[in-house]
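The values are calculated or read from the model by the stated rules, or taken from the named source; none is laboratory data. Note that the structure is a prediction, hence the values are computed from the model and not measured. Cβ sites come from the backbone with ideal geometry, for glycine too, and all protein chains shown count toward neighbours. For accessibility, only protein heavy atoms count, side chains too; no ligands or nucleic acids. Shrake-Rupley method; radii C 1.70, N 1.55, O 1.52, S 1.80 Å.
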Amino acid sequence: MSTKAIYEATGKKLLNKYLDSTAAECRCVDVDADTNWNELIDKNRWLENERLVVKPDQLIKRRGKLGLIRGNVSLQGAKDFIAETLGKEISIGHTTGKLKHFIIEPYLEHNKADEMYICIYSNRDGEIILFHHEGGIDVGDVDSKALKYTIVIDDAFNVNKMEETLLKNIPAVRRSHLSAFITKLFQVYMELQFTYLEINPLVVTTNTVYILDLASRLDQTAEYLCASKWGQIVFPPPFGRDAFPEEAYIAELDAKSGASLKLTVLNPKGRVWTMVAGGGASVIYSDTICDMGFASELANYGEYSGAPSEQQTYEYAKTILSLIFKEKNPDGKILIIGGGIANFTNVAATFKGIVKALREHREHLVEHKISIFVRRAGPNYQEGLRVMREVGATLGVPVHVFGAETHMTAIVGMALGKRPIAPPEQAELTTANFLLPTSGSKSEVQAVSNNGSSPTTKVNDDERKYNLGRPLFSNTTKAIVWGMQTKAVQGMLDFDHVCRRTQPSVVAMIYPFTGDHKQKFYWGHDEILLPCYKNMADCMKRHPEADVLINFASLRSAYESTMETLKYPQIRSIAIVAEGIPEQLTRRMIRLANTNDVSLIGPATVGGLKAGCFKIGHTGGMLDNILMSKLYRPGSVAYVSRSGGMSNELNNIICRNSDGVYEGIAIGGDRYPGTTFTDHIYRYEDDPEAKLIVLLGEVGGIEEYHICEAIKSKRITKPLVAWCIGTCASMFTSEVQFGHAGSHADNDRETAVAKNKALREAGAYVPNSFDELGDLIHMVFENLVQSGQITPKPDVLPPSVPMDYDWARELGLIRKPASFMTSIVDDRGQELLYAGMPITDVIKEDVGIGGVLSLLWFRKRLPKYATEFLEMTLMVTADHGPAVSGAHNTIVCARAGKDLVSCLASGLLTIGDRFGGALDNAAKQFSEAFDAGLHPADFVNKMRKEGKLLMGIGHRVKSLNNPDMRVVLLKQFAKQHFPATPLLDYALEVEKITVSKKPNLILNVDGCIGVVMVDLLRHCGCFTLEEATEFIENGALNGLFVLGRSIGFIGHFLDQKRLRQGLYRHPWDDISYILPEAM
């Protein structure tokens, strides 16, 4: 969400930090059940010396009138008040909750005449300051009493105007410092991204200003801008609802994810639980449950959207299931897994995460008698529903699964026993249209006009200029896409093709993180190249025909890229997809867009479409949904919605109950959308091709009342079917913030119930619930047909579009051999796996480098002694001085100025039979002789007769009397920890024979490692003899030397760089020059 309330103490500490000397310091402390009074008093000695005020700090309004403020008390009096009320359950209206968090501050003795009221709040156009020279608990209706000063967004704060407007009733002796305070307060309000700040009373004396009671909200989306200014901010839950650890866990997942994951626990003992995809859909499911009389049984509100991964939905589902299983209900419980028709979320991937969680909790599902009802559609939904049906057959609990053919909320009535459980209807098999050519010839296909452009009548002067005769989109619209969104672009081009456009709607892309280049896409069956520019100016200059920009920039860069776009007059419409743009930045974009006569769709939107003409990004979903909803040709119904996910559901509902969609826009879920319901409904009113208008409004804001006034004044005369979602909000006992930032009612007038009533009274067609929306659209449409106002648009046969290979494979329609195979690592999921072991477990269980080697080289979790031996091997082989060939090469290469990788490669290339590569051959020779039963003496004689060297025997420096300590350590470790060392024992017997001939013919480090590794592989219990032999044949043992010696080579490289050694030239006196005699 966007705007969030903060503790009074938090707000006062922020003001203390930034108001400077314009107000007296707000000294205050927090107290809760965990407070250590001795520590608190030691840090705040004023608590002992001053009279105090104590009150709950839990977002409770009108605490004074409720008797929840205890003033002019000693420290003991404050303690007593807290002791009396801490944990006490109180009721405020319909809300019941416990007092848990308190604030203590100094008591200020003052006159009633010193109390004043001030409030700053934000709206679409700017900030409003309300000021009244009388404040306190009896201030009354400040909206009617207070003086008002408005500052339009980006306009300068005019001190003189503010004083003239607000301070006319303030004595001159107090006006100067009060003016300075208000000026500074406004500056802090803007810089710290407050959205609401109310002080009542504000005590103004002849000397200074005191802040007594404070209520405030911050724009949470601005955290990335204000983190250093805010510090650690805690956003408390509303009074009457406890914060659950599960909610905090989901919030943490949400913060780490590009998707949206939300969870609010309403009633942990409730019977009805939801797991809904989509911000708008989640509200509608809650509405329907409450409308059917189950508000008291609704256990949670939440949503997942934005294409979460399989792992993320698994974690989300697992968390909700853990909450369900905390309480048993003799009647069992209901889990509704619902959602609209997704635009781009892979339904199968998200369902697989949910299915995984369901399977893990099968016994608990049976024990708690859970009934599951599923409805979902969108990309790959057929596979998702199939997986869900399969798991339903194994869980042992009822699982009812439905797709797009079933109305979105029909499963609620089924789940709650309000309607019979219907058998799943046969889904329309639209996927085949991807694959098969159209059955009819071109001459059989009916022609249909889809130019989308028609003259419009002149509108009122107070309406925005871009409503005058200019449609947003047509079948010749050209767009530029900001961001490397290749899937979205391909989806737009496929839509163009099925709409029979003659040219692609996307002419170019902008991506500032790469140089200018071309991107390959499909246009029907053919491949085309679209230019991608690093610089926006170059793109605009080369594509003057483009008048739409679709902005996929992240929330951190969407503002800058949009403001840059607004510099180019050729762009008439901009769609902003990003969610979470700070409200101040959004309002600046809106103001400049209005000034430049540019239509701004979003932020936080999937976009919109004009059937048969043009679509924005992922709007409308995959091609199978576009075909099912007949969006490839225009219908007669135009709609506007806040929710992007619900816009796709509206496509489906309208298609099934009329001749289809003419145009649909999702204005976005933020509090301040770039264009409003009114803007688009006025366009539809003036477009003769739009015969019926559908509005899907929401709780929060007052935009729907503008529609009511337009209907009454006859500005809107076409039939309007309207429904505002969020009717459940008034039935909840505590405040709930829904998925969209703008879905929040600040007063009764902004509730969905009040808006639906007003729309109905104004003359709009309003159903009794969302469940009846489709039926009402059908009724109104049929009436228009029968009266001759609508001639249903003929259907047309769309051209076939080949399915992309990747998507066909995702759907399971094709298969091909993989180019590569791997059995040691998997990086596809939420977490990296080493031979099946999650990387977190690798770290937590401290498997070490040896353990990682065992997983990646041998695909097994080897015993602890084995992994320790592997690490020991790396340590003893890491280096053997600068004189050996590998180190020498590395040094020479480093002194030639080469990079690390080149120097390391130079040293590694010297490893072979003569240097360091004897491990494998030693292991092979000794193990073959041992396996053949050769006596050690016979083995030595055999090798001598064949003229072969005994690999692993002999050392240039070390001897029997000067042993290599590396070998001594390795032998001791093996003898002490290995279950058996037969090959090592055999090698030592061979050594006795060889040293008798020459004392330096000892078992060297290569030979020791080789034979000990054979003993490890053969006797650790993890491998068969054949597997152990295969590792040796494949060169695994030499790998140990390569890996270990790489450590030393890198060390020599860094050492030479540190010593700044110059280019090496070998001295001529160390070279024997042997030349042929002169001819």
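Brief remarks on what is shown
- The range 943-954: number of residues that are among the charged types (D, E, K, R) and part of a helix (DSSP H, G or I): 2
- All of 781, 770 fail the test of being surrounded by 18 or more Cβ atoms within 10 Å (Cβ to Cβ), touching a residue at least 40 places away in the same chain (Cβ under 8 Å) and over 36 Å from the mean Cα position of the chain (by Cα), apart from 781.
- Residue 45 falls short of the stated requirement of being in contact (Cβ under 8 Å) with a residue 60 or more places away in the chain, in the same structural domain as residue 215 (by the TED database) and open to solvent by 50 Å² or more (accessible area, probe 1.4 Å).
- The range 138-247 holds strands (runs of 3 or more DSSP E) entirely within its bounds, and those carrying 3 or more residues that are among the β-branched types (Val, Ile, Thr) and not assigned by the TED database to the domain that holds residue 299 map to 147-152, 194-204.
- Selection within the range 610-628 - open to solvent by 10 Å² or more (accessible area, probe 1.4 Å), touching a Phe, Trp or Tyr at 6+ places or on another chain (Cβ under 8 Å) and in a helix (DSSP H, G or I): 623, 624
- Residue 940 assigned by the TED database to the domain that holds residue 1019, at pLDDT below 95, closer than 30 Å to residue 838 by Cα and part of a helix (DSSP H, G or I): no
- Taking the range 510-609 as the region of interest, the strands (runs of 3 or more DSSP E) fully inside it that hold 1 or more residues being under 28 Å from the mean Cα position of the chain (by Cα) and farther than 18 Å from residue 477 by Cβ are 517-523, 526-533.
- Filtered residues of the range 875-894 (kept if within 12 Å of residue 1061 (Cβ to Cβ), open to solvent by 60 Å² or more (accessible area, probe 1.4 Å) and part of a helix (DSSP H, G or I)): none
- Residue in the range 912-926 that is part of a loop (DSSP other than H, G, I, E, B), surrounded by fewer than 16 Cβ atoms within 10 Å (Cβ to Cβ) and either at pLDDT 95 or above or on the phi > 0 side of the Ramachandran plot (or both) present: no
- Check on residue 538, assigned by the TED database to the domain that holds residue 503 and without any contact (Cβ under 8 Å) to a residue 24 or more places away in the chain: yes
- So residue 256, is it surrounded by fewer than 19 Cβ atoms within 10 Å (Cβ to Cβ) and over 22 Å from the mean Cα position of the chain (by Cα): no
- Helices (runs of 4 or more DSSP H) fully within the range 302-373 that include at least 1 residues being modelled with pLDDT of 90 or more and small (Gly, Ala, Ser): 310-324, 347-360.
- Pair list, Cβ under 6 Å, 6 or more apart: the range 407-424 residue in contact (Cβ under 8 Å) with a residue 40 or more places away in the chain, other residue open to solvent by less than 10 Å² (accessible area, probe 1.4 Å) and polar (S, T, N, Q): 409/288; 412/288
- Every test in (1) over 54 Å from the mean Cα position of the chain (by Cα); (2) under 21 Å from residue 974 (Cα atoms); (3) open to solvent by 80 Å² or more (accessible area, probe 1.4 Å) is passed by residue 1025 save one, and that test is (1).
- Filter result for residue 982 (over 22 Å from residue 1036 (Cβ atoms) and open to solvent by less than 80 Å² (accessible area, probe 1.4 Å)): no
- Just one of (1) open to solvent by 30 Å² or more (accessible area, probe 1.4 Å); (2) closer than 30 Å to residue 158 by Cα fails for residue 74. It is (2).
- Subset tally (residues that are out of contact with any helix residue (DSSP H, G or I) (no Cβ under 8 Å at 6 or more places or on another chain), open to solvent by less than 80 Å² (accessible area, probe 1.4 Å) and either modelled with pLDDT under 90 or of a type in the set (Val, Ile, Thr) (or both)) for the range 1032-1079: 1
- If the condition is being open to solvent by 20 Å² or more (accessible area, probe 1.4 Å) and either on the phi > 0 side of the Ramachandran plot or under 23 Å from the mean Cα position of the chain (by Cα) (or both), then the range 290-313 contributes 293, 305, 306, 307, 309, 310, 311, 312.
- Members of the range 809-858 that are among the small types (Gly, Ala, Ser) and either open to solvent by 100 Å² or more (accessible area, probe 1.4 Å) or assigned to a loop (DSSP other than H, G, I, E, B) (or both): 812, 818, 819, 823, 829, 835, 836
- Among residues of the range 84-103 being outside any strand (DSSP E or B) and open to solvent by less than 80 Å² (accessible area, probe 1.4 Å), the one that is farthest from residue 36 (Cα to Cα) is 93.
- Selection status of residue 21, assigned to a helix (DSSP H, G or I) and among the small types (Gly, Ala, Ser): yes
- Checked against the criterion of being open to solvent by 20 Å² or more (accessible area, probe 1.4 Å), assigned to a strand (DSSP E or B) and on the phi < 0 side of the Ramachandran plot, the candidates 269, 262 yield just one match: 262.
- Qualifying residue in the range 805-825 (condition: in the same structural domain as residue 1041 (by the TED database), of a type in the set (Val, Ile, Thr) and under 28 Å from residue 1050 (Cα atoms)): no
- Checking each residue in the range 24-55 for being outside any helix (DSSP H, G or I) and β-branched (Val, Ile, Thr) picks out 29, 31, 35, 53, 54.
- Within the range 955-983, the set of residues being in contact (Cβ under 8 Å) with a residue 60 or more places away in the chain and part of a loop (DSSP other than H, G, I, E, B) comprises just one member, 978.
- Selection within the range 688-701 - at pLDDT 90 or above and aliphatic (A, V, I, L, M): 690, 692, 693, 694, 695, 696
- Checked against the criterion of being in contact (Cβ under 8 Å) with a residue 60 or more places away in the chain, over 30 Å from residue 833 (Cβ atoms) and surrounded by fewer than 22 Cβ atoms within 10 Å (Cβ to Cβ), the candidates 331, 287 yield just one match: 331.
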